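A short worksheet on the structure shown next.
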């Protein structure tokens, strides 16, 4: 059920409810019908009894349809005998029960009867009826119930489908729009419905969240840029002072070298932060490139110790600067963490142009596959000790790849280390 949509769940619940109703509703409706029928008989019998008490001689044959559901018995109070001329009951009923004397009323156990004395005191008036609904009333109901129920059920299902379609149309449109939003880059809000229902309130709340996210991201980027620029000047001054200090007498050169290395690492981190910020806000023109030549030239120019397997010679349209940033960081990362082997390969996987960079190092823990692209993320010291780095290389790679509209995945290499696959 967790994988089903809300609309499907509503439809299933409706169908199950209708199915269960088939077993319970007929009995409930029949009881209601019989109860209503009994109440009607009770009310009408009281009215009839009052009329006959006033004038028991008014019961004519023309009135018989009106009293069709009742038996009227008139007894002479002096003798206690039935006055047949004024009574009304089917002959078969008279043969089945001894009604000649008023004492015979005790035999009418399956009937409900009411007794009163006439206004002149000479006659006892009895109105009797059977409170159970007759079969001619119940049988048509039972016969037509399933046909009517199926028709009503069909209308209910159609109504549910139409209602859910109308109700969830804004939700589908919202999902489609949300998947395209990039609140960290642009402030694009969802179109509000102008309604005060749950969906309308959800969209308003989400728009508020988008605005807060965008402002927070913008503030964070601005802080990083400002901090990076502000720190470059004192670091440059510090390098100049270290140069002077290195030329002075009686100075521990190892200490000076250590400080220089720390300053260089800080400068590298600042450059990476500025590059990360620049990639996200800059538009890069594309040009036709031979991927094989770009990788070969890069390896030769940088002297990278990595094997290049040129499975497919690929021609692509992209930005050379961003491509080199991606390749440099992935190759450097693979070489840094390898034991003996690092490899880069170009190929076509299921029709998609692909770059694969892998090594035989310790690899990456499965639970960290998504985290390694976060800025400054580092795995535990036991796995990264001695490798250094600012923790921004893979973040820069991910940002550049997203800028180009590509995708990157990380997995375990057949060599035993990490494997990065770039889908162009």
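Below, the figures for the structure above:
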| quantity | calculated |
| --- | --- |
| Checking residue 270 against (1) assigned to a helix (DSSP H, G or I); (2) at pLDDT below 80; (3) surrounded by fewer than 18 Cβ atoms within 10 Å (Cβ to Cβ), the condition it does not meet | (3) |
| Residue count for segment 244-267, restricted to those that are farther than 25 Å from residue 398 by Cα, assigned to a helix (DSSP H, G or I) and out of contact with any helix residue (DSSP H, G or I) (no Cβ under 9 Å at 6 or more places or on another chain) | 7 |
| Answer residue from segment 391-424, given it is part of a loop (DSSP other than H, G, I, E, B) and on the phi < 0 side of the Ramachandran plot and is farthest from the chain's Cα centre (by Cα) among those | 415 |
| Condition broken by residue 153, with the remaining ones in (1) surrounded by 15 or more Cβ atoms within 10 Å (Cβ to Cβ); (2) modelled with pLDDT of 85 or more; (3) not assigned by TED's automatic domain parsing to the domain that holds residue 12 satisfied | (2) |
| Failed item, numbered, when residue 302 is tested on (1) surrounded by 12 or more Cβ atoms within 10 Å (Cβ to Cβ); (2) more than 42 Å from the chain's Cα centre (by Cα); (3) not assigned by TED's automatic domain parsing to the domain that holds residue 363 | (3) |
| Hey, residue 288 loosely packed, with under 13 Cβ neighbours inside 10 Å, within 45 Å of the chain's Cα centre (by Cα), modelled with pLDDT of 75 or more and more than 21 Å from residue 394 (Cβ to Cβ) or not | yes |
| Which numbered condition residue 389 misses (of (1) in contact with a helix residue (DSSP H, G or I) (Cβ under 9 Å, 6 or more places away or on another chain); (2) at pLDDT below 90; (3) surrounded by fewer than 17 Cβ atoms within 10 Å (Cβ to Cβ)) | (3) |
| Pairs, first assigned by TED's automatic domain parsing to the domain that holds residue 116 and on the phi > 0 side of the Ramachandran plot in segment 39-52, second part of a helix (DSSP H, G or I) and loosely packed, with under 15 Cβ neighbours inside 10 Å, C-beta under 6 Å, six or more apart | none |
| Residue count, segment 236-249 (criterion: modelled with pLDDT under 75 and under 15 Å from residue 271 (Cα atoms)) | 0 |
| Looking only at segment 321-357, and only at residues there that are in contact with a helix residue (DSSP H, G or I) (Cβ under 7 Å, 6 or more places away or on another chain) and assigned to a strand (DSSP E or B), the one that is farthest from residue 417 (Cα to Cα) | 346 |
| Considering residues of segment 38-67 that are within 14 Å of residue 126 (Cα to Cα) and not in a helix (DSSP H, G or I) only, the residue modelled with the lowest pLDDT | 59 |
| Matching entry among 402, 367 (being assigned by TED's automatic domain parsing to the domain that holds residue 343, surrounded by fewer than 15 Cβ atoms within 10 Å (Cβ to Cβ) and modelled with pLDDT under 95) | 367 |
| So residue 86, is it at pLDDT below 75 and either in the same structural domain as residue 108 (by TED's automatic domain parsing) or out of contact with any helix residue (DSSP H, G or I) (no Cβ under 6 Å at 6 or more places or on another chain) (or both) | yes |
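The values are calculated or read from the model by the stated rules, or taken from the named source; none is laboratory data. Note that the structure is predicted; figures quoted are calculated from it, not measured. Heads up, the Cβs are rebuilt from the backbone with ideal geometry, glycines too, and the neighbour counts pull from every protein chain shown.
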